[in-house]
């Protein structure tokens with residue numbers, strides 16, 4: 001620590017706590033008597049950490065996906081009805097997960113080559129169906145960029161177990177943590193993915209089951 005200084009406390013604050021909850025999974029969830037400006041409904045810490053494997057699987061397959069902006073994680077689907085969950089607004093999150101970069105569309109458009117590569121890599125769907133569903137523009141060979149207006153207080157998922165299948169696929173068992181509504185298992189997902197040798201992967205199916213809270217509303221794309 002030589003040359004790096006000594007940490008000091010420069011200020012403190014005291015707030016009254018209205019409620020405290022320590023869950024069996026190890027989440028410490030609490031709420032202030034007076035909610036702070038621009039804060040969540042409740043604050044939380046994970047006192048008992050996930051295993052290294054569960055944390056790695058969560059970071060690879062779940063971090064960046066939303067439970068409230070599109071339907072990937074809040075409906076039951078597989079290859080027979082995957083078209084029901086394909087929405088243009090999900091592309092921005094998939095792009096960030098795939099490339100590690102922020103999407104920067106030009107003139108509100110995304111090149112078809114980029115859009116179709118990412119969508120067909122991560123879902124069991126053809127380029128032709130993507131063009132029919134997601135607003136392909138033949139005159140510019142592109143897709144429209146759809147802005148996501150984030151909803152407040154969304155849940156997030158964490159992998160709590162997994163199973164390697166004989167066909168090379170991986171089944172993830174996921175708990176949805178929703179601290180703002182005082183739950184560390186609001187509902188659960190069973191997600192099947194196909195890992196590829198180049199490090200990419202494809203989501204093959206999702207099933208969801210209500211536990212402590214109602215499942216977030218499904219977007220109607222019609």
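The values are calculated or read from the model by the stated rules, or taken from the named source; none is laboratory data. Because the structure is a prediction, the values reported are computed rather than measured. Positions of Cβ are generated from backbone atoms using ideal geometry, with glycine treated the same way; all protein chains shown enter the neighbour counts.
Tabulated data for the structure shown
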quantity: Any hit, segment 166-189, residues being in contact with a strand residue (DSSP E or B) (Cβ under 8 Å, 6 or more places away or on another chain), within 19 Å of residue 78 (Cα to Cα) and part of a loop (DSSP other than H, G, I, E, B); calculated: yes
quantity: Members of segment 190-211 found to be part of a loop (DSSP other than H, G, I, E, B) and under 25 Å from residue 42 (Cα atoms), listed by number; calculated: 211
quantity: Spans of helices (runs of 4 or more DSSP H) in segment 40-128 with at least 3 residues farther than 23 Å from residue 179 by Cβ and touching a helix residue (DSSP H, G or I) at 6+ places or on another chain (Cβ under 8 Å); calculated: 91-99, 112-122
quantity: Qualifying residue in segment 130-149 (condition: free of Cβ contacts under 8 Å to residues at least 60 places away in the same chain, crowded, with 20+ Cβ neighbours inside 10 Å, assigned to a loop (DSSP other than H, G, I, E, B) and not assigned by TED's automatic domain parsing to the domain that holds residue 26); calculated: yes
quantity: Residues of segment 72-94 satisfying the condition of being in contact with a strand residue (DSSP E or B) (Cβ under 8 Å, 6 or more places away or on another chain), surrounded by 16 or more Cβ atoms within 10 Å (Cβ to Cβ) and modelled with pLDDT of 90 or more; calculated: 72, 73, 74, 75, 77, 85, 91
